[in-house]
Amino acid sequence: MSEPCNGPGPVQERGRIRRDVPRFVIGCEEDEQDMGQMEAGMKNEMLHQDDMEVYENESPSERQIVVGICAMVKKSKSKPMTEILERLCKFDYIDVVIFPEEVILEEPVEKWPLCDCLISFHSKGFPLDKAVEYAKLRNPMLINDLNMQYFIQDRREVYRILQEEGIDLPRYGVLNRDPDNPEECNLVEGEDHVEVNGEVFPKPFVEKPVCAEDHNVYIYYPTSAGGGSQRLFRKIGSRSSVYSPESNVRKTGSYIYEEFMPTDGTDVKVYTVGPDYAHAEARKSPALDGKVERDSEGKEIRFPVMLTAMEKLVARKVCLAFKQTVCGFDLLRANGHSYVCDVNGFSFVKNSMKYYDDCAKVLGNMVMRELAPQLHIPWSIPMEAEDIPIVPTTSGTMMELRCVIAIIRHGDRTPKQKMKMEVRHPLFFELFKKYGGYKTGKLKLKKPKQLQEVLDIARLLLVELGQHNDCEIEEKKSKLEQLKTVLEMYGHFSGINRKVQLTYLRNGQPKASSEEEDCKKDGPSLLLVLKWGGELTPAGRVQAEELGRAFRCMYPGGQGDFAGFPGCGLLRLHSTYRHDLKIYASDEGRVQMTAAAFAKGLLALEGELTPILVQMVKSANMNGLLDSDSLTDCQQKVKARLHEIMQKDQEFIQDDFQKLAPTGSPSLVNSMKVIENPVKTCDKVYALIQSLTSQIRKRLEDPKSADLQLYHSETLELMLQRWSKLERDFRMKNGRYDISKIPDIYDCIKYDSQHNASVGLEDTLELFRLSRALADIVIPQEYGINKAEKLDIAEAYCVPLMKKIYLDLQRTHEEEAVNKLHPLYSRGVMSPGRHVRTRLYFTSESHVHSLLSMFRYGGLLDEVKDQQWKQAMDYLSAVTELNYMTQIVIMLYEDNNKDPSSEERFHVELHFSPGVKGCEDEENVPLGFGFRPASSENEDKKPNQGSLEDLSQDQTDDALPVTELINLQRRSPMIRNRKTGSMEVLSETSPNHSSKGCTSHRLFQSCSRQSPEIKPAGGLGFEGCSMVPSIYPLETLHNSLSLKQVEEFLSKVCESSGEAQAKTMKALSGLFDSQSQTSLYSPQQPLSSSGSEASFRPPAQPLWHGRIPSSAVSSAGPSSPTTDGSNLGLNFSFSE
């Protein structure tokens, strides 16, 4: 037996010696006790004399239980092991012996120290065979079975055991390669999939080496998301993975291939101590951007999470199946299920005092329960009081944010381009049939393989046509040339930037447009539409990322600090699984990339967008939620009427204003005044385009500018192609103008004036001004001219989305057992049992226009009765353009002080931003009323616009009468005084307020909206990115809607769409099945004795701490003139 570790005096208790100190030694064979290698920090240099006497009184018959630790020194002396062994030694009858590494490696097992209980586990360099031999020789109680540790080293065996136990794991296939003949194996690799033993794994999929010690796990991404792979490895410094453009799988070695699980960027690590104890932590998935989040002490940031009942059962099964009492494994939470993807064997939680206490207690009790009876030690299992969850409560009456829903248009893009041609060649019909075009009469081709087939047909036909020579074939030829050029453009296919649509025409194309020959052929044909361009630009990425960053301010602690990032309180919310975030995007590449860039900014990620896109962004194209391909009948009629009105060669008269702008929208009326005569304006625009193309041609002839690099690696030739196509198409053969080309002209000139101003082309500003005036009429009116048409068209576009928003709001207040934070770890987090639900929908202009039309004309509120709504409508009518990054934001708040059944319990706000600033917007921007969540407005005091209330005082929640707000707006303008970081700080102009506590962060970096007499300072652009225009801040449309009002409005809209809705519901049901993750598990019971959730939910608390973001507090809220720093010290904070 090894002697116990020296320690300060023992204490006499229950008739025997009880030591309050750790006692463990590094032991050797019994006959050569060696106290030389004492654990650092665990020994005292000397024993006090009086302690010695008591020590000598111990009767020799009293037997200690010896727990042996047999592992490599790196493990046995690690901080978690030391912490746990210190605590284990506090058990009266337990001593610990650590086997020295040289003894383990060099001595035969007969010379290893003796022990009653063995904790031994494999790590790199550990002789597991010797440990097995020792266990046979001495037969100690094993905490972790040794033979099973051979299996844990082989991922194939791990998966086999998991499968036998009925534990969910990702679908997988095993590829075994003979090292001598690596070519002979059952692997077929396609561009976007692999086939292993006949089973197909489409990308994204995961490739894991079969040896569990090899951490080089690769994830392969589909070409539609940008291709390439993410290479994971053991953490090196602050990296755990790196993105690689390599898309082909490894050709040597044996691997497991498994489907990739979309976990929204978080992994759960579970640590068991016996079958009945599991501690779980979330950390950022290494596959996301490969950057390891570390705290101020350099430790990886992890958050304890609560396991569902189902997951606790999984932990129990894993622990028992692998016979590892102390066992770590990885869980993936995806699509409402939890899957085990890795079992690591012996591992401890790092840096959790609670876990160290629990682990030592569970292990000690386990050892005592097993060995005390055998060694005749008097011991009974202690009964412990249940842990009571410790939750902070603060008295405050601010509402709690429960749900954020945002509909966002994509960011800045290259001009969209389109070419149509009618095709009749049998090869096109074969292609149409091959991909199932006859089922719906339409076909969309985006995959590289499909585009390659179209290119092959085009090349073949061009060779055939080369032999002929007449005018019709010449026209066909130029179109096929263009088809070939565009498909060959980037040297490789990526579905993100090109697509071909084929539509079946039973009797050929109805009428000849400017592009078609007059001689028409009979019989069926296919309309081939080639679309290219429209890619997200670098500026668009920056816009989306900046907006994501600014969006954090809307959340509790959004201004707080997290892992050294300012403004990242939201990240803490996200990591603790209390942020239920889902991001949806339509299937357009630019929309998906915008969503990924936004997520990157929102969650402070780094690196490439492809891994973020694959893990964080859900495509919503399967159900028309965010996509819409075809125009409705109503829209066709509206377009025809627009054409008719815009073809009149005379000045607009009163009657035209009635026809074109029946809603009296100021933005339309102003544009009509600028235009005066539509045909004359089109003439001017056409002449300006001609001048532009001739200028570009001259530039091309000039050797100096021959290799001029334009924005986003465009060339002068490509720029000329863009403009000459518009020149050809805008003026038709009959001399009339094709009004549908106006949005494209505006698109191109907007792009060139922003990104290619350096080329120095003349008259671009005039072209911009005129095409913008035309576009300001044509674009919004394509979505309906009068209210009835606007609603009709909007319904066709966005009923699925409105149905989804309705369900989002409903699900939030029906509160299910969502990922919740463990209450014991929730100090500093408000309402740990609650979560914030965020749903972000990224889409294109059509959906944003339609949704806004629904809110404006669908009968949400009566502007005659509701003054605030009237002002919001006036503001929206004055907005000319819904530019890139336009946002419609719905926020749901809960007032915990109100009766749960009361209408006042839940409160909805509607906010809006017209997106990115245009080139010369500053002069005539419509003024909104700022961002004013009513969740903190107060009518007791006469507030000053723009000042901030002091949150530590109790306040009531009633919204201000709107008339008050209006007067305030006029009385007290805000002046921008300085920039702090990338957020602007607005200061109050009234002199009687101290500056402390009065500082508000504007939600988005941009010139704050000011009264017209105050000119904004400084130019456009995010800092450090002069060419990227900044984004208008959110304006509040309404801040005192009840949830009931909004739900009634949404359900009315969805019902009125009748059959459309029935179709929608069918399509949506699939989507929602995957979403209601939580209903699959029984609700998580808190640890309190009452078992009711209310027991750990504090009544109501302020959401923000310390310096409050503008989103937390109304800009119309009162400010306390006596504010000083002392009463801002709320008793918890959101930053770690």
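List of remarks:
- The trypsin sites (Lys or Arg not before Pro) of the range 605-696 that meet both conditions, a loop assignment by DSSP and at most 14 other Cβ atoms within 10 Å of the site Cβ, are K648.
- Distance (nanometres) between label positions extended 7 Å along Cα→Cβ at M353 and D168: 3.6 nm
- Here the label points at V864 and K704, each 7 Å from Cα along the C-beta direction, are separated by 6.7 nm in the simple model.
- In a fully extended conformation the segment linking K637 and S902 would gain 90.8 nm over its present Cα-Cα distance, using 0.36 nm per residue.
- Per residue accessible area of the range 713-777, 1.4 Å probe, in Å²: 38 Å²
- Cα pair count fraction exceeding 16 Å, expressed as % - the range 79-157: 57 percent
- The average projected area of the range 625-760, computed from the convex hull of its Cα atoms over all directions, is 11.0 nm².
- Filtered trypsin sites (Lys or Arg not before Pro), the range 79-176: DSSP coil and at most 15 other beta carbons within 10 Å: K124, R171
- The peptide list 252-263, 529-540, put in order of mean Cβ contacts within 10 Å with the highest first, becomes 529-540, 252-263.
- Our summary gives the range 249-325 a relative contact order of 29 percent, counting only alpha carbon pairs under 8 angstrom and 6 or more residues apart.
- Under the convention that each Lys and Arg Cβ holds +1 and each Asp and Glu Cβ holds -1, the size of the dipole of the range 96-140 around its Cα centre is about 160 debye.
- The length gained on full extension between S1051 and R728, counted as 0.36 nm times the residue separation minus their Cα-Cα distance, comes to 111.6 nm.
- Modelled this way, with points 7 Å down the Cα-to-C-beta line, the labels at S713 and H337 are 4.1 nm from one another.
- Distance from the range 704-746 to the range 239-287 (C-alpha centre basis), Å: 48 Å
- For the range 667-697, the residues whose backbone nitrogen is under 17 Å from a point 7 Å from the Cα of D763, taken along Cα to Cβ, are 679-697.
- Ranking I256, T308, S244 by Cα position along the charge dipole of the range 208-308, where only Lys, Arg, Asp and Glu carry charges on their C-beta atoms, puts S244 farthest toward the positive end.
- Here is the list for the range 709-753: trypsin sites (Lys or Arg not before Pro) lying in DSSP coil, each with at most 15 other C-beta atoms within 10 angstrom of its C-beta, are K733, R736.
- Percent carbon-and-sulfur accessible area, the range 664-739, ignoring ligands, DNA and RNA, probe 1.4 Å: 52 percent
- Unit charges on C-beta of K, R, D, E only; dipole of the range 253-346, Debye: 280 debye
- Using R0 = 45 Å, the C-beta based FRET efficiency linking M366 and S296 works out to 0.80.
- Farthest toward positive dipole pole in the range 588-708 [+1 Lys/Arg, -1 Asp/Glu at C-beta], among F598, Q695, T632: Q695
- Solvent-free Debye calculation, one equal scatterer per alpha-carbon of the range 150-250: log10 I(q)/I(0) at 0.18, 0.23 Å⁻¹ equals -1.02, -1.37.
- Protection proxy ranking, peptides 605-615, 452-462, average beta carbon neighbours within 10 Å, highest first: 605-615, 452-462
The values are calculated or read from the model by the stated rules, or taken from the named source; none is laboratory data. Just so it is clear, the model here is predicted, and its values are computed rather than measured. FYI the Cβ positions are ideal-geometry reconstructions off the backbone, even for glycines, and counts take in every protein chain you see. These area figures cover heavy atoms from the full protein model, side chains too; ligands, DNA and RNA do not enter into them. Shrake-Rupley method; radii C 1.70, N 1.55, O 1.52, S 1.80 Å.
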